[in-house]
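Chemist: One structure, as C-alpha coordinates, below. Some questions next.
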Amino acid sequence: MEIVPVEGAREGSTERILSVAGRRVRVAVRPGTDPALRPLVLVNGIGASLELLEPLVEVLDPRREVVRFDVPGIGRSQASAVPLPMAALTTLLADLLDQLDGLTAAKHGVVDVLGLSWGGGIAQQFALQYPRRTGRLVLVSTGTGVMMVPARLGVLARMLTPRRYNDPTYRRSAGREIYHGEDGDAVDAVFARVRPVTAKAYLHQLFALTTWTSLPVLPLIGAPTLVLAGRRDPVIPVVNAHLMGSLLPRGEVHLHDGGHLGILTRPRVLAPVVEEFLNRT
(Lines give C-alpha, C1' and ligand atoms only; values in the text may rest on other atoms or scores of the structure.)
Protein backbone atom coordinates (compact mmCIF):
# COMPACT_ATOMS: atom_id res chain seq x y z
CA MET A 1 0.00 0.00 0.00
CA GLU A 2 1.37 3.42 -0.96
CA ILE A 3 0.65 6.24 1.48
CA VAL A 4 1.74 9.72 0.42
CA PRO A 5 0.91 12.66 2.71
CA VAL A 6 -0.80 15.42 0.72
CA GLU A 7 0.48 18.96 1.20
CA GLY A 8 -2.10 21.63 1.96
CA ALA A 9 -4.62 19.37 3.69
CA ARG A 10 -7.38 21.28 5.44
CA GLU A 11 -7.03 21.84 9.17
CA GLY A 12 -8.70 19.04 11.12
CA SER A 13 -8.50 16.55 8.25
CA THR A 14 -5.78 14.18 7.13
CA GLU A 15 -5.36 13.64 3.40
CA ARG A 16 -3.54 10.69 1.85
CA ILE A 17 -2.98 9.16 -1.54
CA LEU A 18 -3.71 5.43 -1.26
CA SER A 19 -2.90 2.83 -3.89
CA VAL A 20 -6.22 1.06 -4.44
CA ALA A 21 -6.23 -1.75 -7.02
CA GLY A 22 -3.10 -0.23 -8.53
CA ARG A 23 -4.66 3.21 -8.86
CA ARG A 24 -3.82 6.32 -6.82
CA VAL A 25 -6.87 7.56 -4.95
CA ARG A 26 -7.01 10.65 -2.74
CA VAL A 27 -8.88 10.28 0.54
CA ALA A 28 -9.51 12.82 3.29
CA VAL A 29 -10.37 11.71 6.81
CA ARG A 30 -11.61 14.01 9.56
CA PRO A 31 -10.88 12.01 12.70
CA GLY A 32 -13.66 11.57 15.23
CA THR A 33 -13.32 11.70 18.99
CA ASP A 34 -15.61 8.70 19.64
CA PRO A 35 -14.40 5.46 18.00
CA ALA A 36 -17.68 3.81 19.02
CA LEU A 37 -19.55 5.84 16.39
CA ARG A 38 -19.64 4.43 12.87
CA PRO A 39 -17.59 6.40 10.34
CA LEU A 40 -19.61 8.41 7.85
CA VAL A 41 -18.52 8.13 4.19
CA LEU A 42 -19.45 11.06 1.94
CA VAL A 43 -19.73 10.41 -1.81
CA ASN A 44 -19.69 13.47 -4.04
CA GLY A 45 -21.70 14.70 -6.99
CA ILE A 46 -20.58 14.40 -10.60
CA GLY A 47 -17.37 16.26 -11.44
CA ALA A 48 -16.79 17.46 -7.89
CA SER A 49 -13.58 17.02 -5.93
CA LEU A 50 -13.84 16.28 -2.22
CA GLU A 51 -13.44 19.98 -1.33
CA LEU A 52 -17.05 20.58 -2.39
CA LEU A 53 -18.25 18.77 0.75
CA GLU A 54 -16.33 20.91 3.24
CA PRO A 55 -19.32 23.06 4.29
CA LEU A 56 -21.06 19.90 5.46
CA VAL A 57 -17.98 18.37 7.10
CA GLU A 58 -17.41 21.55 9.08
CA VAL A 59 -20.76 21.28 10.89
CA LEU A 60 -21.08 17.51 11.35
CA ASP A 61 -20.71 16.07 14.86
CA PRO A 62 -16.96 16.16 15.67
CA ARG A 63 -17.29 12.86 17.53
CA ARG A 64 -17.85 11.05 14.22
CA GLU A 65 -15.09 10.21 11.74
CA VAL A 66 -15.90 11.55 8.26
CA VAL A 67 -14.34 10.04 5.11
CA ARG A 68 -14.27 11.69 1.68
CA PHE A 69 -12.50 10.63 -1.51
CA ASP A 70 -12.00 11.64 -5.12
CA VAL A 71 -13.25 9.10 -7.67
CA PRO A 72 -10.82 8.22 -10.50
CA GLY A 73 -10.00 11.22 -12.67
CA ILE A 74 -11.44 13.76 -10.25
CA GLY A 75 -9.43 16.04 -7.96
CA ARG A 76 -6.10 14.36 -7.22
CA SER A 77 -7.14 10.78 -7.96
CA GLN A 78 -5.55 8.98 -10.89
CA ALA A 79 -7.69 8.76 -13.99
CA SER A 80 -8.93 5.47 -15.35
CA ALA A 81 -8.07 4.48 -18.90
CA VAL A 82 -11.63 3.27 -19.47
CA PRO A 83 -14.97 4.23 -17.91
CA LEU A 84 -15.80 2.35 -14.71
CA PRO A 85 -19.37 1.22 -14.00
CA MET A 86 -21.05 1.93 -10.66
CA ALA A 87 -20.33 -1.58 -9.41
CA ALA A 88 -16.58 -1.17 -10.01
CA LEU A 89 -16.53 2.25 -8.34
CA THR A 90 -18.33 0.75 -5.36
CA THR A 91 -15.76 -2.04 -5.12
CA LEU A 92 -13.05 0.62 -5.19
CA LEU A 93 -14.73 2.35 -2.23
CA ALA A 94 -14.89 -0.91 -0.27
CA ASP A 95 -11.19 -1.57 -0.95
CA LEU A 96 -10.35 1.97 0.13
CA LEU A 97 -12.19 1.48 3.44
CA ASP A 98 -10.30 -1.77 4.03
CA GLN A 99 -7.04 0.14 3.69
CA LEU A 100 -8.13 2.81 6.17
CA ASP A 101 -8.34 0.21 8.95
CA GLY A 102 -5.24 0.64 11.03
CA LEU A 103 -4.61 4.16 9.71
CA THR A 104 -7.31 5.76 11.89
CA ALA A 105 -8.82 5.02 15.29
CA ALA A 106 -12.18 4.01 13.81
CA LYS A 107 -13.08 0.64 12.29
CA HIS A 108 -14.45 0.55 8.75
CA GLY A 109 -16.07 -2.86 8.58
CA VAL A 110 -19.49 -1.19 8.89
CA VAL A 111 -20.01 2.42 7.84
CA ASP A 112 -22.79 4.91 7.27
CA VAL A 113 -22.86 6.30 3.71
CA LEU A 114 -24.15 9.65 2.45
CA GLY A 115 -24.37 10.13 -1.30
CA LEU A 116 -24.99 13.53 -2.88
CA SER A 117 -26.55 13.66 -6.36
CA TRP A 118 -24.40 11.39 -8.60
CA GLY A 119 -22.80 10.01 -5.45
CA GLY A 120 -26.19 8.71 -4.38
CA GLY A 121 -25.75 6.04 -7.05
CA ILE A 122 -22.59 4.73 -5.40
CA ALA A 123 -24.29 4.94 -2.00
CA GLN A 124 -27.20 2.81 -3.20
CA GLN A 125 -24.92 0.37 -5.00
CA PHE A 126 -22.76 0.05 -1.86
CA ALA A 127 -25.84 -0.91 0.17
CA LEU A 128 -26.72 -3.52 -2.46
CA GLN A 129 -23.23 -4.99 -2.89
CA TYR A 130 -22.20 -4.78 0.77
CA PRO A 131 -25.35 -4.99 2.90
CA ARG A 132 -23.43 -6.23 5.94
CA ARG A 133 -21.07 -3.26 5.72
CA THR A 134 -23.86 -0.68 5.46
CA GLY A 135 -25.13 0.85 8.67
CA ARG A 136 -27.39 3.73 7.66
CA LEU A 137 -27.84 5.31 4.25
CA VAL A 138 -28.49 9.00 3.45
CA LEU A 139 -29.48 9.82 -0.14
CA VAL A 140 -29.32 13.56 -0.85
CA SER A 141 -30.68 15.20 -4.00
CA THR A 142 -30.40 11.94 -5.89
CA GLY A 143 -32.42 9.48 -7.94
CA THR A 144 -32.41 5.97 -9.36
CA GLY A 145 -30.11 6.47 -12.34
CA VAL A 146 -31.23 6.08 -15.91
CA MET A 147 -34.71 4.96 -14.80
CA MET A 148 -35.98 8.04 -12.99
CA VAL A 149 -38.22 11.05 -13.57
CA PRO A 150 -35.83 13.34 -15.51
CA ALA A 151 -35.17 17.04 -15.26
CA ARG A 152 -36.24 19.46 -17.97
CA LEU A 153 -34.24 19.25 -21.20
CA GLY A 154 -32.64 22.62 -20.60
CA VAL A 155 -31.33 21.52 -17.21
CA LEU A 156 -30.10 18.18 -18.57
CA ALA A 157 -28.23 19.94 -21.40
CA ARG A 158 -26.32 22.09 -18.91
CA MET A 159 -25.49 19.04 -16.78
CA LEU A 160 -23.83 17.25 -19.73
CA THR A 161 -20.75 19.45 -19.52
CA PRO A 162 -18.23 20.15 -16.72
CA ARG A 163 -17.99 23.79 -17.78
CA ARG A 164 -19.67 25.05 -14.60
CA TYR A 165 -16.68 23.74 -12.61
CA ASN A 166 -14.09 25.47 -14.78
CA ASP A 167 -15.79 28.72 -15.79
CA PRO A 168 -17.28 30.90 -12.98
CA THR A 169 -19.01 33.18 -15.48
CA TYR A 170 -20.77 30.25 -17.13
CA ARG A 171 -21.63 28.79 -13.72
CA ARG A 172 -23.43 31.96 -12.68
CA SER A 173 -25.39 31.93 -15.94
CA ALA A 174 -26.20 28.21 -15.88
CA GLY A 175 -26.74 28.27 -12.14
CA ARG A 176 -29.90 30.30 -12.51
CA GLU A 177 -31.45 27.16 -14.01
CA ILE A 178 -29.44 24.32 -12.43
CA TYR A 179 -29.31 25.75 -8.92
CA HIS A 180 -32.70 27.40 -8.81
CA GLY A 181 -33.80 27.71 -5.20
CA GLU A 182 -30.28 28.41 -3.91
CA ASP A 183 -28.61 31.69 -2.99
CA GLY A 184 -26.22 32.57 -5.81
CA ASP A 185 -23.47 33.83 -3.49
CA ALA A 186 -23.68 30.65 -1.42
CA VAL A 187 -23.35 28.52 -4.57
CA ASP A 188 -20.31 30.54 -5.67
CA ALA A 189 -18.70 30.03 -2.25
CA VAL A 190 -19.22 26.27 -2.47
CA PHE A 191 -17.78 25.97 -5.99
CA ALA A 192 -14.83 28.24 -5.23
CA ARG A 193 -13.34 25.34 -3.25
CA VAL A 194 -13.37 22.64 -5.93
CA ARG A 195 -10.69 21.66 -8.44
CA PRO A 196 -11.09 21.89 -12.24
CA VAL A 197 -12.34 18.77 -13.99
CA THR A 198 -11.45 17.35 -17.40
CA ALA A 199 -14.05 16.46 -20.01
CA LYS A 200 -12.79 12.86 -20.10
CA ALA A 201 -13.24 12.31 -16.35
CA TYR A 202 -16.69 13.91 -16.48
CA LEU A 203 -17.75 11.70 -19.40
CA HIS A 204 -16.57 8.63 -17.48
CA GLN A 205 -18.89 9.58 -14.63
CA LEU A 206 -21.75 10.17 -17.05
CA PHE A 207 -21.14 6.67 -18.41
CA ALA A 208 -21.43 5.18 -14.92
CA LEU A 209 -24.71 6.98 -14.34
CA THR A 210 -26.33 6.28 -17.71
CA THR A 211 -25.55 2.54 -17.55
CA TRP A 212 -26.97 2.06 -14.05
CA THR A 213 -30.29 2.07 -12.26
CA SER A 214 -31.45 1.02 -8.82
CA LEU A 215 -35.17 1.26 -9.47
CA PRO A 216 -35.96 -2.49 -9.78
CA VAL A 217 -33.83 -3.41 -6.75
CA LEU A 218 -34.62 -0.65 -4.26
CA PRO A 219 -36.81 -3.07 -2.25
CA LEU A 220 -33.65 -5.15 -1.65
CA ILE A 221 -31.91 -2.36 0.28
CA GLY A 222 -32.45 -3.27 3.90
CA ALA A 223 -30.48 -0.46 5.53
CA PRO A 224 -32.42 2.34 7.22
CA THR A 225 -32.42 5.09 4.59
CA LEU A 226 -33.07 8.84 4.74
CA VAL A 227 -34.03 10.44 1.41
CA LEU A 228 -33.30 14.16 1.66
CA ALA A 229 -34.58 16.33 -1.18
CA GLY A 230 -35.30 19.95 -2.06
CA ARG A 231 -38.76 20.95 -3.17
CA ARG A 232 -37.21 23.45 -5.62
CA ASP A 233 -34.57 21.11 -7.08
CA PRO A 234 -34.67 21.33 -10.90
CA VAL A 235 -31.97 18.66 -11.37
CA ILE A 236 -33.71 15.84 -9.46
CA PRO A 237 -37.47 16.51 -9.46
CA VAL A 238 -38.89 15.94 -6.00
CA VAL A 239 -41.20 13.18 -7.23
CA ASN A 240 -38.13 10.94 -7.31
CA ALA A 241 -37.72 11.27 -3.55
CA HIS A 242 -41.29 10.15 -2.97
CA LEU A 243 -40.80 7.22 -5.35
CA MET A 244 -37.64 6.08 -3.58
CA GLY A 245 -39.19 6.51 -0.18
CA SER A 246 -42.09 4.29 -1.16
CA LEU A 247 -39.87 1.50 -2.53
CA LEU A 248 -37.20 1.41 0.18
CA PRO A 249 -38.33 -1.02 2.92
CA ARG A 250 -36.88 1.17 5.68
CA GLY A 251 -36.92 4.48 3.87
CA GLU A 252 -38.16 7.87 5.00
CA VAL A 253 -38.33 11.17 3.13
CA HIS A 254 -37.39 14.60 4.42
CA LEU A 255 -38.12 17.58 2.17
CA HIS A 256 -36.67 21.07 2.52
CA ASP A 257 -37.43 24.32 0.73
CA GLY A 258 -34.09 24.63 -1.06
CA GLY A 259 -32.67 23.30 -4.30
CA HIS A 260 -30.09 20.78 -5.44
CA LEU A 261 -27.21 21.89 -3.19
CA GLY A 262 -29.20 22.70 -0.09
CA ILE A 263 -27.10 20.49 2.18
CA LEU A 264 -24.01 22.55 1.20
CA THR A 265 -25.53 26.02 1.05
CA ARG A 266 -27.56 25.54 4.26
CA PRO A 267 -25.55 22.97 6.19
CA ARG A 268 -26.44 24.31 9.63
CA VAL A 269 -30.11 23.70 8.84
CA LEU A 270 -29.84 20.27 7.20
CA ALA A 271 -26.85 18.65 8.95
CA PRO A 272 -28.89 18.27 12.18
CA VAL A 273 -31.50 16.32 10.18
CA VAL A 274 -28.76 13.95 9.03
CA GLU A 275 -27.26 13.68 12.52
CA GLU A 276 -30.60 12.89 14.14
CA PHE A 277 -31.12 10.08 11.65
CA LEU A 278 -27.62 8.65 12.09
CA ASN A 279 -27.83 8.73 15.88
CA ARG A 280 -31.00 6.66 16.13
CA THR A 281 -30.68 3.28 17.79
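The values are calculated or read from the model by the stated rules, or taken from the named source; none is laboratory data. Here the structure is a predicted model, which is why all the values come from computation and not from measurement. When we count neighbours, we look across all protein chains shown, and the Cβ atoms used for this are built from the backbone with ideal geometry, even at glycine. What goes into the accessible areas is simple: the full protein's heavy atoms, side chains included, and nothing from ligands, DNA or RNA. Shrake-Rupley method; radii C 1.70, N 1.55, O 1.52, S 1.80 Å.
Chemist: Counting other Cβ atoms within 10 Å, keep those with at most 13, restrict to DSSP loop, and tell me which trypsin sites (Lys or Arg not before Pro) in segment 127-167 are left.
Modeler: Answer in residue order: Arg152.
Chemist: Now for a different question. Could you please report the charge total around Ala223, scoring K, R as +1 and D, E as -1 over all other residues with beta-carbon less than 14 angstrom from its beta-carbon?
Modeler: Value of the local net charge: +4.
Chemist: Let me ask you something else. Sum up the charges of everything whose Cβ sits under 11 Å from the Cβ of Val59, counting Lys and Arg as +1 and Asp and Glu as -1, but leave Val59 out.
Modeler: Once positives and negatives cancel, what remains is -2.
Chemist: Where the only charges are on Cβ atoms (+1 Lys, Arg; -1 Asp, Glu), what is the dipole of segment 110-192 about its Cα centre, to the nearest 20 debye?
Modeler: The dipole of segment 110-192 has a size of about 300 debye.
Chemist: Taking Cα pairs under 8 Å and at least six residues apart, what relative contact order does segment 71-205 come out at, in percent?
Modeler: Relative contact order of segment 71-205: 24 percent.
Chemist: Using the Karplus curve 6.51 cos²θ - 1.76 cosθ + 1.60 with θ = phi - 60°, work out ³J(HN,Hα) for each residue of segment 199-211 in order, rounded to whole Hz, and write x for Gly and Pro.
Modeler: For segment 199-211, the Karplus-derived couplings read 5, 4, 4, 5, 5, 4, 5, 4, 4, 4, 6, 7, 10 Hz, x marking Gly and Pro.
Chemist: Now, a different point. Summing Lys, Arg as +1 and Asp, Glu as -1, what charge do residues with Cβ under 15 Å from the Cβ of Leu206 carry, Leu206 excluded?
Modeler: So the surrounding residues net to +4.
Chemist: Can you give me the accessible area per residue for segment 1-157, using a 1.4 Å probe, in Å²?
Modeler: 37 Å²
Chemist: Evaluate the relative contact order of the chain (contact order divided by residue number), counting alpha-carbon pairs under 8 angstrom at least 6 apart; express in whole percent.
Modeler: 20 percent
Chemist: Okay, next question. With θ set to phi - 60° and the Karplus curve 6.51 cos²θ - 1.76 cosθ + 1.60, what are the ³J(HN,Hα) couplings of segment 265-270 in order, to the nearest whole Hz, using x for Gly and Pro?
Modeler: Each residue's phi maps through the Karplus curve to give 8, 9, x, 6, 8, 9 Hz.
Chemist: Now, a different point. Which length gain, in nm to one decimal place, applies between Val110 and Arg152 when the Cα-Cα distance is subtracted from 0.36 nm times their residue separation?
Modeler: Full-extension gain reported as 11.3 nm.
Chemist: Hey, of (i) 25, 22, 19; (ii) 32, 29, 16; (iii) 28, 23, 17, which did the structure itself give for semi-axes √(5λ) of the Cα gyration tensor in Å when calculated?
Modeler: Checked against the structure: label (i).
Chemist: Moving on. Tally up the carbon and sulfur contribution to the accessible surface of segment 133-249 as a whole percent, 1.4 Å probe, everything protein left in place.
Modeler: 63 percent
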